Amino acid sequence: AGLRAAWGQREVDGFVIEPHATSTDLEVWVGGRTKRSLRRAVELGTGWVPFGLSPDIIAEFLAPHQLPADFDVVLSPGVALDPLGDPDSARGRLGRLRDAGATIANCTVQARSAEHFCDQLAALHAIGETI
């Protein structure tokens, strides 16, 4: 709450902040792996980034909450994806994240070169469009 109140202000508690943000809008993603971290994210943030929890536990944590329309739930599949070599696995992992409540998937991909990386990203994007 204090960070939100101070963000974008030139002066806070008698201290001048230069340079200061030019906007008072602030995206705050709260990390954590507890129900309390989710509650804090819903009350004070714009998103939740849990870690070390299964999709089933995440879905259980999210179930009782009425999340704001613009609230992000950022989930990771936990492993590097290979959307060209194993598209079914990538699709399945992303689908489980979506079913758990993800609005954003934070993914890494396996790649042998810069060109392969770009090809993997294109394949990942194509899979994401179908989910």
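The values are calculated or read from the model by the stated rules, or taken from the named source; none is laboratory data. The structure presented is a predicted model; accordingly, all values stated were derived computationally and were not measured. Here the Cβ is made from the backbone with ideal geometry for all residues, glycine too, and neighbour counts use every protein chain on show. Each accessible area value is taken on the protein alone, full model and side chains, heavy atoms only, with ligands, DNA and RNA left out. Shrake-Rupley method; radii C 1.70, N 1.55, O 1.52, S 1.80 Å.
In the stretch 1-79, what GluC sites (Glu not before Pro) fall in a loop by DSSP, with at most 12 other Cβ atoms inside 10 Å?
Glu27
Test of understanding: in a Gaussian network model of the chain with alpha carbons linked when under 10 Å, which of Ala41, Ala114, Ala90 would top the mean-square fluctuation ranking?
Ala114
I need the semi-axes of the equivalent ellipsoid of the chain: take the C-alpha gyration tensor, multiply each eigenvalue by 5, square-root it, list largest first in whole angstrom.
With the √(5λ) rule applied to the chain, the semi-axes are 34, 21, 11 Å.
Among Val30, Val74, Val12, determine the one that fluctuates most according to a GNM of the chain built with springs between C-alpha atoms less than 10 Å apart.
Looking only at Val30, Val74, Val12, the largest GNM fluctuation is found for Val12.
Report, in debye and to the nearest 20, how large the dipole of the stretch 1-125 comes out about its Cα centre when Lys and Arg carry +1 and Asp and Glu carry -1 on their Cβ.
Here the size comes out at about 420 debye.
What residue among Leu3, Leu124, Ala63 has its Cα farthest toward the positive end of the dipole of the chain, where the charges are +1 on Lys, Arg and -1 on Asp, Glu, each on the Cβ?
Of the listed residues, the answer is Ala63.
Among all stretches of the chain without exposed trypsin sites (Lys or Arg not before Pro) (DSSP loop, at most 16 other Cβ atoms within 10 Å), which one is longest?
Here the longest run is 34-111.
Which order do Asp119, Asp56 take when ranked by solvent-accessible area (1.4 Å probe, heavy atoms of all protein chains), largest first?
Greatest to least solvent exposure: Asp56, Asp119.
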